[in-house]
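**Student:** Once you've had a glance at the structure underneath, I'll fire off some questions.
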Amino acid sequence: MASIKISRESCKGCGLCVRVCPKKILRLSKESNNSGYFAVEIFAPESCTGCASCAVMCPDCVIEVER
Amino acid sequence: MATVFKKTDMLTEVPFHYCPGCTHGIAHRLVAEVLDEMGCQNNVVGVAPVGCAVFAYNYFNCDMQQASHGRAPAVASAIKRVAPQNIVFAYQGDGDLASIGMAEIVHSASRGDNITVVFINNAIYGMTGGQMAPTTLIGQTSTTCPGGRCAAQNGNPIRVCEMLATLDGPAYIERVSLADVPSIRKAKKALQKAFNCQKEGKGFTLIEMLSSCPTNWKMTPEQALDYTKNEMQQIFPLGVFKEVK
Ligand SMILES: Cc1ncc(C[n+]2csc(CCOP(=O)(O)OP(=O)(O)O)c2C)c(N)n1
Ligand code: SF4
Ligand code: SF4
């Protein structure tokens, strides 16, 4: 069991976490957050292994990881 | 389940003002995590540069001082001398460190000041709108070399680590990259080494981090990291350039 918590309002939609996720279960959402960024979302949370690659890559400390 | 990753308390709640995908945020987080894990939250002083990281004092949860352009190592050296019980670091861009601040960094390294310098090399002046830096690659475009940097006219990129490693003062000098996850994990180890050297009083330490500036490079964040990895790492090889045992 593993999961990530995305703090949507801090996300700048840069897409770097999407790029490094080995399971390819992240994507940018179609709706923007209050800052106007297309924040990231996880679409297959059950496949998350908690490897924390996304969190290590994120320049804005948006993602928390539990494992 | 246990939390395996969350924003460190060594960073404040203030959101970074950096552009989307800018690696300054990664560098800040690594420095903060290392200081936090060393347990020195209450005895750290950082020195912020002039450049995009000028507001670093709002982000690090420790005492901070902002220095004039390029003078961060001189200020850090002074702080370390009057309050040596502190871990002292300077955080500088490549315009700040290798252009206007070249004299300060060379003499700080040469004196073996017991400070740690975090050197963010993004091959450009970010804050002022993307002018050529001493580290700009041959052929790389900027607002002041729109046709690409040309060696005959603009000289060649300066390799700061290699140059400083020729001096007797430095205790540890390493160049790392922030272009992918394994590199970022390595970069953190390099910072740990540097700060530990300082704790042991070994002298001047510098970690150069090959970074990206998607905005002024006019690339997406992803393209920018590819450029860091495929182009910058060719000219600025990664590795340890000085290590005093
Ligand atoms: C004495 C002085 N000269 C020039 C400037 C203008 N200036 C501000 S930031 C900067 C360069 C910043 O580039 P860099 O250090 O590479 O940092 P980055 O913004 O890329 O992170 C310059 C030239 C200044 N603020 N003060
Ligand atoms: S890396 Fe961070 S800021 Fe960028 S899209 Fe992912 S969560 Fe958002
Ligand atoms: S201008 Fe470049 S260095 Fe400055 S915050 Fe934006 S991406 Fe980062």
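The values are calculated or read from the model by the stated rules, or taken from the named source; none is laboratory data. What you are looking at is a predicted structure, and each value in this text was computed from that prediction instead of being measured. For neighbour counting, all protein chains shown are included, and Cβ atoms are generated from backbone atoms with ideal geometry for every residue, glycine included. For the accessible areas, the whole protein counts, side chains as well, though only heavy atoms, and no ligand, DNA or RNA atoms are used. Shrake-Rupley method; radii C 1.70, N 1.55, O 1.52, S 1.80 Å.
**Student:** For the stretch B:17-61, name all the residues that are at negative phi, within 14 Å of chain A (Cβ to nearest Cβ), crowded, with 22+ Cβ neighbours inside 10 Å and in a loop (DSSP other than H, G, I, E, B).
**Tutor:** Scanning the stretch B:17-61 gives B:Y18, B:C22, B:T23.
**Student:** Given B:S177, B:S183, which one is within 14 Å of chain A (Cβ to nearest Cβ) and within 16 Å of ligand 2 (Cβ to nearest atom)?
**Tutor:** None of the other options fit; the residue is B:S183.
**Student:** Further question on the same structure: In the stretch A:32-55, which residue that is away from every other protein chain (no Cβ under 13 Å) and of a type in the set (G, A, S) is nearest to B:S183 (Cα to Cα)?
**Tutor:** So the residue we want is A:S47.
**Student:** Can you go through A:K23, A:K5, A:K12 and tell me which one is open to solvent by 50 Å² or more (accessible area, probe 1.4 Å) and part of a loop (DSSP other than H, G, I, E, B)?
**Tutor:** One residue alone meets the criteria, A:K23.
**Student:** OK, next. Counting residues that are touching a helix residue (DSSP H, G or I) at 6+ places or on another chain (Cβ under 7 Å) and within 30 Å of B:K80 (Cα to Cα), which helices (runs of 4 or more DSSP H) fully inside the stretch B:139-222 reach at least 2?
**Tutor:** Those helices (runs of 4 or more DSSP H) span B:160-164, B:181-199.
**Student:** Considering each residue of the stretch B:66-85, count those that are more than 19 Å from B:K202 (Cβ to Cβ), open to solvent by less than 60 Å² (accessible area, probe 1.4 Å) and either among the hydrophobic types (A, V, I, L, M, F, W, C) or away from ligand 1 (no atom under 14 Å from the Cβ) (or both), and give that number.
**Tutor:** The number of residues fulfilling the criteria is 5.
**Student:** To continue, here is another question. When you scan the stretch B:6-36, how many residues do you find that are in contact (Cβ under 8 Å) with a residue 40 or more places away in the chain and among the charged types (D, E, K, R)?
**Tutor:** Counting residues in the stretch B:6-36 that are in contact (Cβ under 8 Å) with a residue 40 or more places away in the chain and among the charged types (D, E, K, R) gives 2.
**Student:** Same structure, new question: Among the candidates A:E31, A:E46, single out the residue that is assigned to a helix (DSSP H, G or I) and more than 16 Å from ligand 3 (Cβ to nearest atom).
**Tutor:** A:E46
**Student:** Looking at B:N196, B:N216, can you tell me which residue is within 16 Å of ligand 3 (Cβ to nearest atom), open to solvent by 10 Å² or more (accessible area, probe 1.4 Å), modelled with pLDDT of 95 or more and away from chain A (no Cβ under 14 Å)?
**Tutor:** After applying the criteria, what remains is B:N216.
**Student:** Test of understanding: among B:E208, B:E200, B:E162, which residue is over 18 Å from the mean Cα position of the chain (by Cα) and acidic (D, E)?
**Tutor:** Of the residues listed, the single one that is over 18 Å from the mean Cα position of the chain (by Cα) and acidic (D, E) is B:E200.
**Student:** Scan B:Y227, B:Y172 and give me the residue that is free of Cβ contacts under 8 Å to residues at least 40 places away in the same chain, hydroxyl-bearing (S, T, Y) and surrounded by 15 or more Cβ atoms within 10 Å (Cβ to Cβ).
**Tutor:** B:Y227
**Student:** Within the stretch B:223-233, identify whether any single residue is within 20 Å of A:C61 (Cβ to Cβ), within 16 Å of ligand 3 (Cβ to nearest atom), at pLDDT 95 or above and within 14 Å of chain A (Cβ to nearest Cβ), and answer yes or no.
**Tutor:** Looking for residues that are within 20 Å of A:C61 (Cβ to Cβ), within 16 Å of ligand 3 (Cβ to nearest atom), at pLDDT 95 or above and within 14 Å of chain A (Cβ to nearest Cβ), one finds at least one in the stretch B:223-233, hence yes.
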